[in-house]
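Some notes on the structure that comes next.
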Amino acid sequence: MIRDARILAAAAIALAGLVPAARPASAALSYQQFTSLNLGGDDAPVWAHDGSAVYYSSRAVGFPYVFRKTLGTPMDQTGTRLTGGSFDEYQVTVSADDQWAVLCVGDSLASRHLYRCPGTGGPPLTKVTYGPFYDIDPDWSSGATSVVAFASNRGGAGYQVWTVVPNGTLPAEVYTQVTDAGHADSHPSFSPDGQKIVFSSDRSGGSQLFTVTWNGSSWGAPAQLTTGNSEKARPDWSADGMHIAYEVATNHGGTEIWMVDGDGSNARLVTSGGSYDARPGWSSDGNKLAFVSDRSGAKYIWLADGMTTPTASDTWGRIKALYRR
């Protein structure tokens, strides 16, 4: 009886926000380290839509370049580099048919632009965006219209979300500004039908997740999806539209991966194995996440399997998840 009373008291205190609550367990998930060779960190993993490979940026050869690594490749191998360029490559996104990739490339000290190449690598390498701007965080829509969302400072103060049509081997010409200037809007991710974009923004103060919806002729006003005191960033929408994974800054200086349902409800913790678990990317079957973690010492790519199984289904787990949100 005394022990039960103490448990109830601890729950009440946690809900009141007076003491830190323990992390929910992730027993339903299995983890696999996917990379183990870098000179400063692996980053920004993205799945091929056929589930056969993971794209990511790595400093394994000194500078950050994008690689495509098939599942089953030994952990200490990088896979295939997509380009032969000498500029730094930071992020990548892949078309719905896996035929093309768009990379964020730091092609000068003052700008980053989007480039396009075949999904398996090699020429032609085409520069998509131009100008004295930072064009970053690309995400290719899997909807009926083949457009790439990205964050850019080309629209004024701060960063805004834009879309662009990759125009074959020619420079892009069709740009659409999705969000307004004056904010730090970043990391856009399309819903599976291409009708919504989720992104992180400081427009409500701290960094939270917002969505915009296509109304047939333009993008609507941003709607706030998440709340709370913790900073949230780098969302990724699952291929079935049911879930959004994202990273959350913790009160001990690290990051953890969380997920919510597509409407912003039912927030729950996914990973807590390292001081840095971040940059989630869904597989097309919705059961796996690729993410960056330092749980084995340095920042490598890891794979989590079993995402369709809830990670905090019991009452105590939900109390703790609610508190940590």
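A count restricted to segment 159-184 and to residues that are touching an Asp or Glu at 6+ places or on another chain (Cβ under 7 Å) and at pLDDT 95 or above stands at 6. Within segment 29-63, the set of residues being crowded, with 24+ Cβ neighbours inside 10 Å and not acidic (D, E) comprises T35, A44, P45, V46, W47, V54, Y55, Y56, S57, S58.
Filtering segment 190-230 to residues that are at pLDDT 95 or above, over 15 Å from V148 (Cα atoms) and not in a strand (DSSP E or B) leaves G220, A221, P222, L225, T226.
Residues in segment 134-189 that are over 24 Å from P124 (Cα atoms), small (G, A, S) and either part of a loop (DSSP other than H, G, I, E, B) or outside the structural domain of S201 (by TED's automatic domain parsing) (or both): G143, A144, G155, G156, A157, A181, G182.
Condition check ((1) at pLDDT below 85; (2) over 22 Å from T70 (Cα atoms); (3) surrounded by fewer than 22 Cβ atoms within 10 Å (Cβ to Cβ)) across all residues:
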| site | (1), (2), (3) |
| --- | --- |
| A267 | no, yes, no |
| L289 | no, no, no |
| S296 | no, no, yes |
| T309 | yes, yes, yes |
| G317 | yes, yes, yes |
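Taking only segment 25-80 into account, find how many residues are farther than 23 Å from D107 by Cβ and of a type in the set (D, E). Going through segment 25-80 one residue at a time, the tally reaches 2. Taking segment 81-95 as the range and being assigned to a loop (DSSP other than H, G, I, E, B) and buried (at least 18 other Cβ atoms within 10 Å of the Cβ) as the test, the residues that pass are L82, T83, S95.
Filtered by the rule that a residue be out of contact with any Phe, Trp or Tyr (no Cβ under 7 Å at 6 or more places or on another chain) and on the phi < 0 side of the Ramachandran plot, segment 131-154 gives P132, F133, Y134, W140, A144, T145, S146, V147. Selection within segment 148-202: residues that are touching a residue at least 40 places away in the same chain (Cβ under 8 Å), surrounded by fewer than 20 Cβ atoms within 10 Å (Cβ to Cβ) and of a type in the set (V, I, T). The member of this set that is farthest from G131 (Cα to Cα) is T169. Among the residues making up segment 64-80, those that are crowded, with 17+ Cβ neighbours inside 10 Å, in contact with a Lys or Arg (Cβ under 8 Å, 6 or more places away or on another chain) and either free of Cβ contacts under 8 Å to residues at least 12 places away in the same chain or farther than 18 Å from P280 by Cα (or both) are Y65, T78, G79.
Among the conditions (1) farther than 30 Å from G51 by Cβ; (2) in contact with a Gly (Cβ under 6 Å, 6 or more places away or on another chain), Q99 misses just one, which is (1). Screening S207 against (1) closer than 30 Å to L269 by Cβ; (2) surrounded by fewer than 18 Cβ atoms within 10 Å (Cβ to Cβ); (3) small (G, A, S); (4) out of contact with any Phe, Trp or Tyr (no Cβ under 7 Å at 6 or more places or on another chain) leaves a single unmet condition, (2). Of the residues making up segment 220-242, those that are out of contact with any Leu (no Cβ under 9 Å at 6 or more places or on another chain) and surrounded by fewer than 20 Cβ atoms within 10 Å (Cβ to Cβ) are G220, A221, A223, T227, G228, N229, S230, E231, A239, D240, G241, M242.
The values are calculated or read from the model by the stated rules, or taken from the named source; none is laboratory data. Note that the coordinates shown come from a computational prediction; the quantities given were computed from them, not determined experimentally. FYI the Cβ positions are ideal-geometry reconstructions off the backbone, even for glycines, and counts take in every protein chain you see.
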